[in-house]
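Below is one structure, written out as structure tokens; comments come after it.
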Amino acid sequence: MAEDSEHYVNQTLSTIAARARTEPTNSIVHPHYACAIGAAHTVSAIPRAIPISNCGPGCADKQFNFISAGNGYQGAGYSGGGSIPSTNMCEQDVVFGGIDKLDKLIKSSLKIMDGDLFVVLTGCIGELIGDDAKSVVKKYQELGKPIVSSQVAGFRGNNVIGHEIVVADIIDQFVGDYEGKREKGLVNLLCEVPYYNSHWRGDYLELKRIIEGAGLKVNMLFGSESKGVSEWKAIPRAQFNLVLSPWVGLSVAEHLKEKYGQPYLHIPVIPIGEEATSAFIRRIVEYAGVDKKPSETFITGEAARYYYFLEHFAEFFSEFWFGLPATFATVADASTNIAITKFLSDQMGLIPVKQIITDNPPEKYRDDITKLFAELSEGVSVEPLFLEDGYIIENEVRDAPFGATAPLILGSSWESDVAREMKGLSVGISAPLNNELIVNKTFIGYTGALALIERIYSLAVGDGK
């Protein structure tokens with residue numbers, strides 16, 4: 001009887017996993033993203049920008065706990081977490097409307113909060129009952145206040161979709177029209193979603209360093225290197241937009257092209273390692289049409305440093321290769337997944353056995369994303385799975401053909417439990433991450449590639465933690 005029961009359970013799990021690949025599920029266990037109003041973190045990632053949440057009392061708090069506090073303990077910053085003003089809509093507001101409450105909140109926020117930009121984010125309750133938040137915000141816009149209205153109810157999509165909506169709304173309502181000249185060599189960077197991409201702060205720093213090393217200037221819209229609203233106001237002045245992601249930022253770039261006639265360069269894979277990063281630099285320099293000498297000088301210096309360290313790593317690798325992981329699985333958003341999978345496959349010689357994309361990209365982008373995984377390296381390809389349910393994901397990872405060596409699993413905290421169960425190695429690369437602290441870490445570019453190598457092989461010679 002016990003064997004029959006076990007067989008039945010295993011058969012049921014296999015059936016569920018098979019259906020999950022082709023059929024939408026009605027519920028999600030162990031989620032890997034938040035809802036659209038999580039875009040409050042897009043706002044708080046802009047220096048001196050203040051999100052105002054027009055939603056229920058638990059909504060903004062839950063988004064913070066998932067996207068920031070439970071994702072590397074990134075902190076609230078100047079205007080996140082408990083600092084976010086909220087209407088805290090309740091049953092009374094559902095019956096009688098919440099417009100008056102929102103009006104009072106905006107008035108008091110403008111008076112008390114010291115900010116350069118305010119963004120009202122309306123969640124499910126306000127949108128479902130038909131509150132016209134835009135008309136309230138418009139009143140303050142006509143008074144010259146730097147305020148924007150954005151509809152990011154959870155039913156519109158996840159926090160990545162919310163990010164796209166908020167960025168477009170800020171451009172339309174705050175940046176406004178522009179008919180001036182463009183500045184040659186100035187680039188708007190459209191890349192990772194702040195806070196949601198666990199290593200975004202370090203990644204943005206490395207990308208800025210690389211792009212400036214190429215002889216270009218970059219508008220950093222988010223993070224420590226951003227000058228805040230002045231850089232947002234400079235968006236129309238840029239020579240072009242750089243979309244560095246398989247799909248995030250593409251809709252914004254198309255919008256900017258339509259609004260300002262501004263071209264964009266789409267590079268779907270964030271570069272990791274010398275070969276990819278040097279190729280990335282040469283491509284953006286060629287597109288910008290600027291002098292190549294500064295970029296080639298920068299590449300020469302970075303490559304020399306990179307291979308100096310890699311040469312010393314090679315001594316370790318050649319000595320201990322028999323005990324090191326040979327296969328790996330990645331569980332992450334499309335941007336992080338393809339970047340790390342390509343580096344480990346193409347540059348480190350590891351074999352990808354299960355690649356799972358968790359940020360639910362719109363259907364129109366999925367074929368192109370799948371093609372990226374078909375071109376990982378010469379003779380190396382894999383078909384990614386687009387899955388949202390953590391329970392299904394964990395079973396897919398368990399079933400991956402890792403072979404005789406210890407499994408290398410790069411993913412979220414959910415997958416770290418599976419790695420521990422399988423006596424494998426776990427590297428945190430995606431949300432949520434509640435088992436490590438992230439201050440200023442990066443796994444991309446020249447410096448990030450070395451950090452990723454260091455992290456993986458430290459685990460291999462240590463206890464796997």
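Considering only the range 163-174, how many residues are without any contact (Cβ under 8 Å) to a residue 60 or more places away in the chain and not charged (D, E, K, R)?
Of the residues in the range 163-174, the ones without any contact (Cβ under 8 Å) to a residue 60 or more places away in the chain are 169, 173-174.
If we keep only those that are not charged (D, E, K, R) as well, we get 173-174.
Looking only at that region, the number is 2.
Of all residues in the range 302-328, which are closer than 22 Å to Ile444 by Cβ, surrounded by 12 or more Cβ atoms within 10 Å (Cβ to Cβ) and more than 29 Å from the chain's Cα centre (by Cα)?
Residues satisfying the conditions are Phe313, Phe317.
Show me the strands (runs of 3 or more DSSP E) found entirely inside the range 232-334 where at least 1 residues are free of Cβ contacts under 8 Å to residues at least 40 places away in the same chain.
In the range 232-334, the matching strands (runs of 3 or more DSSP E) lie at 264-266.
Within the range 197-228, take every residue that is hydrophobic (A, V, I, L, M, F, W, C) and not in a helix (DSSP H, G or I) and give me the one that is surrounded by the most Cβ atoms within 10 Å (Cβ to Cβ).
In this case the residue turns out to be Phe222.
Looking only at the range 377-412, count how many residues are outside any loop (DSSP other than H, G, I, E, B) and either closer than 24 Å to Gly323 by Cα or in contact with a Lys or Arg (Cβ under 8 Å, 6 or more places away or on another chain) (or both).
Number of matching residues: 11.
So, of the residues in the range 413-457 that are assigned to a loop (DSSP other than H, G, I, E, B) and touching a strand residue (DSSP E or B) at 6+ places or on another chain (Cβ under 6 Å), which turns out to be nearest to Gly202 (Cα to Cα)?
Ile444
List the residue pairs whose Cβ atoms are under 6 Å apart, where the first residue sits in the range 98-116 and is under 13 Å from Ile84 (Cβ atoms), the second is of a type in the set (Val, Ile, Thr) and part of a loop (DSSP other than H, G, I, E, B), and the two are 6 or more positions apart or on different chains.
The qualifying pairs are Leu105/Thr87.
Looking at the range 363-376, can you tell me whether even one residue there is crowded, with 20+ Cβ neighbours inside 10 Å and either in a helix (DSSP H, G or I) or assigned by TED's automatic domain parsing to the domain that holds Gly273 (or both)?
Yes: the range 363-376 contains one or more residues that are crowded, with 20+ Cβ neighbours inside 10 Å and either in a helix (DSSP H, G or I) or assigned by TED's automatic domain parsing to the domain that holds Gly273 (or both).
Got a number for residues in the range 132-162 being among the β-branched types (Val, Ile, Thr) and either touching a residue at least 40 places away in the same chain (Cβ under 8 Å) or outside the structural domain of Arg48 (by TED's automatic domain parsing) (or both)?
Of the residues in that region, 4 qualify.
The values are calculated or read from the model by the stated rules, or taken from the named source; none is laboratory data. Predicted, not measured: the structure shown is a model, and the values here were computed from it. Note that each Cβ is placed from the backbone with ideal geometry, even for glycine, and that neighbours are counted across all protein chains shown.
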